[in-house]
Amino acid sequence: MYDLKITKEMRTAATSARAKYMQYLESETSKEKTETKQLKRKALEEEIDLLKQKKMFLQTDLHQTNEKANDLAKEAEKSKDINLFIRSHELRKTISEKEIKINTLDVKLNEKSLELKDNLITSFMGFFSSIY
């Protein structure tokens, strides 16, 4: 059909264009991986903050419940009212349940903190390996 001669310059230009395109694709893939890691890290940080808030709320609630149980016990001693002792004991059961919840939150917090640390270490390792 057409008598088209492929010159050395054309081959060099095509090879160069392909190399640039492959480099572009590689950089886009790298950007996507980086963005995914950043989103995952941000989600972990938000989850850790939420767990910390829950723990703080539970600790405050636990402290207030403990004070109320102590007040009821003192009042029951003074008035010799068995109903106040019962209410104080029920509050102490609630305190035990809240302590279990706090311990569970501590375990989750530790797990998420370790996961975040691993995520950060992996990111740094990837960064340094790309430099060298």
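Sequence-ordered 3J(HN,Hα) estimates for the range 64-79 from the Karplus curve with 6.51, -1.76 and 1.60 and θ = phi - 60° stand at 5, 5, 5, 4, 5, 4, 5, 4, 5, 5, 5, 5, 5, 4, 5, 8 Hz, glycine and proline given as x. Taken over the C-alpha atoms, the chain has Rg and Dmax values of 31.6, 113 angstrom.
In a simple Cβ point-charge model (Lys, Arg +1; Asp, Glu -1; nothing else charged), the chain has a dipole of about 380 debye relative to its Cα centre.
Helix content alone sets the calculated 222 nm mean residue ellipticity of the chain: runs of n ≥ 4 DSSP H residues at -39500 (n - 2.57) each, divided across all residues, give -35000 deg cm²/dmol.
What FRET efficiency comes out for residue 38 versus residue 99 if R0 is 35 angstrom and r is the Cβ-Cβ distance? Round to the nearest 0.05.
Details: r = 36 Å, r/R0 = 1.04.
Efficiency computed from Cβ-Cβ geometry: 0.45.
The lysines within cross-link reach of residue 5, meaning a Cα-to-Cα straight distance under 27 Å and a gap of 8 or more places when in the same chain, are 20. Computed from backbone phi, the HN-Hα couplings of the range 114-123 come to 5, 4, 5, 4, 4, 4, 5, 4, 4, 5 Hz, rounded to whole numbers (Karplus: 6.51 cos²θ - 1.76 cosθ + 1.60, θ = phi - 60°; Gly and Pro given as x). Place +1 on the Cβ of every Lys and Arg and -1 on the Cβ of every Asp and Glu in the chain, take the dipole about the Cα centre, and give the residue among 57, 4, 15 whose Cα lies farthest towards its positive end. Highest projection toward the positive end goes to 4. 3J(HN,Hα) along the range 28-40, derived from phi through the Karplus expression 6.51 cos²θ - 1.76 cosθ + 1.60 where θ = phi - 60°, amounts to 5, 4, 4, 4, 4, 4, 4, 5, 4, 4, 5, 5, 5 Hz, with x in place of Gly and Pro.
All of the numbers you see were taken from the coordinates with simple rules; none came from a lab. Predicted, not measured: the structure shown is a model, and the values here were computed from it. Positions of Cβ are generated from backbone atoms using ideal geometry, with glycine treated the same way; all protein chains shown enter the neighbour counts.
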